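Since every read-out is calculated from the coordinates, none of them should be taken as a lab result. Bear in mind the structure is a predicted one, so any value in this text is a computation, not a measurement. Please note: Cβ atoms are built from the backbone with ideal geometry, for glycine as well, and neighbour counts cover all protein chains shown.
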There are 2 protein chains.
Amino acid sequence: MFNKLCIIGVGLIGGSIARSVKRHDLSKTIVGFGREKDVPNLQAAKDLGVIADYCLDIAEAVANADCIVIATPVGAIESILTLLKPFWNEKAIYTDVGSTKSSVIAAAHNVFGHVPDNLVPAHPIAGAEQSGVIASVDDLFLHKRLIITPHKTTQVSAVQKMQVFWERLGAQVAIMDAGHHDAILAATSHLPHIVAFAMVDMLGHKDEQSEIFKYAASGFRDFTRIASSDPTMWLDICTANKDEIIPLIQQLKVELDKIERFLETNDNQQLFNTFTYAGKARQRFLDLYEN
Amino acid sequence: MFNKLCIIGVGLIGGSIARSVKRHDLSKTIVGFGREKDVPNLQAAKDLGVIADYCLDIAEAVANADCIVIATPVGAIESILTLLKPFWNEKAIYTDVGSTKSSVIAAAHNVFGHVPDNLVPAHPIAGAEQSGVIASVDDLFLHKRLIITPHKTTQVSAVQKMQVFWERLGAQVAIMDAGHHDAILAATSHLPHIVAFAMVDMLGHKDEQSEIFKYAASGFRDFTRIASSDPTMWLDICTANKDEIIPLIQQLKVELDKIERFLETNDNQQLFNTFTYAGKARQRFLDLYEN
């Protein structure tokens, strides 16, 4: 499918793309690009056979590459596009895997003054608490959702090619507007992360925290699992998508007000209805999730 | 340890107590008590060998029993104590396994005008989303925390005996005041449940709900797992412990206000600090949880 795939940022996602591409034989060669500080990770990637080689020089990294994947945290994408700009190849396809998509469109505008028509923003909804190439696997995208968010100027042929690419890696591809993507992910991912961080931060500041945590059980463990996510990555995501996230925080506070009022006024019927509706809604989610 | 154990409410917890007592040979016989509507479940418990027999008549059920375990939802405990009152045996030990403890003390006051000195309220911090005797197991309490909350009038010998009883079932027993128990559990269990119910209720009411849920992933699945808990049981718990829960809801809203303000004012350092603090606090929880 490609002659040379260049992966910028060979971490969990970048490494898993490399492993999956190799497994499905979708590129003749795969190279990684990183900064000086990334050398230990890049060397590990090379030693593990995840990439054929790596370069610290961007010109060399992208030379003759027909697909360039930006697999860095979203906050770094603008600086990566700036690095790529002098060597931009109209015949190659560029893509990214950032968790927010309007920010990628905005970054391209900032760097190029427009969105290059061969840049195909994408977001594989797959990940883990772990990070680094060491955690990468060759089936991370299998049966996972992947959203491509083309800009109005993006080449249709490039979108189609990347859709086939991700489908070959096992992903279920959907195509939607970047703004719509960001609204959906704010609800299903960004808000829960913020609430998990908020609750653990709040309880962790209480004097009796060690006693509180001592008696917490598996419900608490699962509810707060995402509060163990990488703070740098989540700072990036939350700031990039704050216009979608802030209204949802406000809506959740209204919802909490409602429950507080039901408790205060002993409105047991409404409280029961709320819990019951939530249980049924979660079952609808599970039915979608498991299929 | 006992001659006849009577379990009132042979569900997940009651059934697991019966199975564990049998496994560790702590009672010569075990009988169940329930209402007419509970017969299918009681019959299943008998067929599975979880209990030797069951009675629908309370006098018969508790006759000659030296330990009576109330394993119903907290909301039913007052009516169970009312049923038990005419047959109250000063020589037996009574216990319950309700998730809130001040409410049990209050129920005893309402029924007896005082708290019987042979009632030893307890809360095994173990459970599951499933319910019914069919889900019961003989090691549910192994390595789990169990809190005994004696009243000031409770016999020390009865508390000691129940501590040994639960330790034989594998639990790690702590003894504390009912009010303190309720404050801790409000933080680690009741608030997370309310927030999970609130978030799924809120998202489930959004017009684009099926699309939101379609793109939710494992983080959302785990965060919202407790929103699938039994609404009747959680209505009971939340109303029984609302005095502890309401202030925590208010504190969480203040915490969410804080994060909202950091986002609005681009205070990335504070946002990063909050996420980092939460991650470290969760690690402290995990260190306690895993040991």
message = What distance in nm lies between label points placed 7 Å from Cα along the C-beta direction at A:HIS109 and B:HIS109?
response = 6.3
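If you take every residue apart from A:LEU83 with its C-beta less than 11 Å away from the C-beta of A:LEU83, what net charge results, scoring Lys and Arg +1 and Asp and Glu -1?
Local charge sum for A:LEU83: 0.
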ask   = Given labels modelled 7 Å from the Cα in the Cβ direction, how far is it in nm from B:THR232 to B:ILE175?
value = 3.5
Rounded tilt (10° steps) of A:12-23 against the dominant C-alpha axis of chain A = 50
Theoretical FRET efficiency, 1/(1+(r/R0)^6), r = Cβ-Cβ of A:GLU36 and B:HIS205, R0 45 Å, to 0.05 = 0.35
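Is the shape of the range B:146-197 rounded, prolate or oblate, going by the alpha carbon gyration tensor and its root eigenvalues a ≥ b ≥ c, with a/c under 1.5 for rounded and a/b larger than b/c for prolate? Can you show the working numbers first?
Working: a/c = 4.25, a/b = 1.79, b/c = 2.37.
In terms of gyration-tensor shape, oblate.
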query = So what is the calculated 222 nm ellipticity per residue for the protein assembly as shown, using -39500 (n - 2.57) for each DSSP H run with n of 4 or more, over all residues, to the nearest 500 deg cm²/dmol?
reply = -15500 deg cm²/dmol
key: In range of the label at A:ASN64: residues from the range A:26-40 whose backbone nitrogen is under 12 Å from the point 7 Å along Cα→Cβ   = A:28-30
remark   = Partner shielding of B:232-244, taken as the mean number of other chain Cβ atoms within 10 Å, equals 3
ask   = With axes computed from alpha carbons, what is the tilt in degrees of helix A:102-112 against the longest principal axis of chain A, rounded to the nearest 10 within 0 to 90?
value = 30
note = The simple spin-label model distance between A:ASP57 and B:ASP243, using points 7 Å out along Cα→Cβ, in nm, is 7.5
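Please average, across the residues of B:111-119, the number of beta carbons from any other chain that are within 10 Å of each residue's own beta carbon, and give a whole number. Provide the component values of the computation, followed by the final result.
Details: counts 0, 0, 0, 0, 0, 0, 0, 0, 0.
The per-residue average across the peptide is 0.
If you place +1 on the Cβ of every Lys and Arg, -1 on the Cβ of every Asp and Glu, and leave all else neutral, what size is the dipole of the range B:2-176 about its Cα centre, to the nearest 20 Debye?
Magnitude of the dipole: close to 340 debye.
What average number of partner chain Cβ atoms lie no more than 10 Å from the Cβ of the residues making up B:97-110?
Numbers: counts 0, 0, 0, 0, 0, 0, 0, 0, 0, 0, 0, 0, 0, 0.
Per residue, the average neighbour count from other chains is 0.
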task = Every other copy gets compared here: list the nm distances from the B:PHE87 label point (7 Å along Cα to Cβ) to its counterparts, shortest first, one decimal.
result = 8.4
Exam field: B:LEU286 pseudo-label spacings to other copies (7 Å along Cα-Cβ), nanometres = 2.5
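To the nearest 20 debye, what is the magnitude of the charge dipole of the range A:153-291 about its Cα centre, counting +1 on the Cβ of each Lys and Arg and -1 on the Cβ of each Asp and Glu? Please report the intermediate quantities before stating the final value.
Values: 13 positive and 19 negative charges, 79 e Å.
I would put it at about 380 debye.
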inquiry  = What does the C-alpha gyration tensor say about the overall shape of the range B:207-272? Classify as rounded when a/c is under 1.5, otherwise prolate if a/b is larger than b/c, or oblate.
reply    = oblate
request  = Find, to one decimal place in angstroms, the Kirkwood hydrodynamic radius of chain B, where the mean of 1/r is taken over every pair of different Cα atoms and then inverted.
outcome  = 20.8
query = Does the range A:249-291 come out rounded, prolate or oblate, given a ≥ b ≥ c as the square roots of the eigenvalues of its C-alpha gyration tensor, rounded meaning a/c under 1.5 and, failing that, prolate meaning a/b above b/c?
reply = oblate
message = Rounded to whole Å, give me the distance from the Cα center of the range A:157-192 to that of the range A:14-73.
response = 22
task = Working from Cα positions, state the angle (0 to 90°, nearest 10) between the long axis of helix B:156-168 and the longest principal axis of chain B.
result = 70
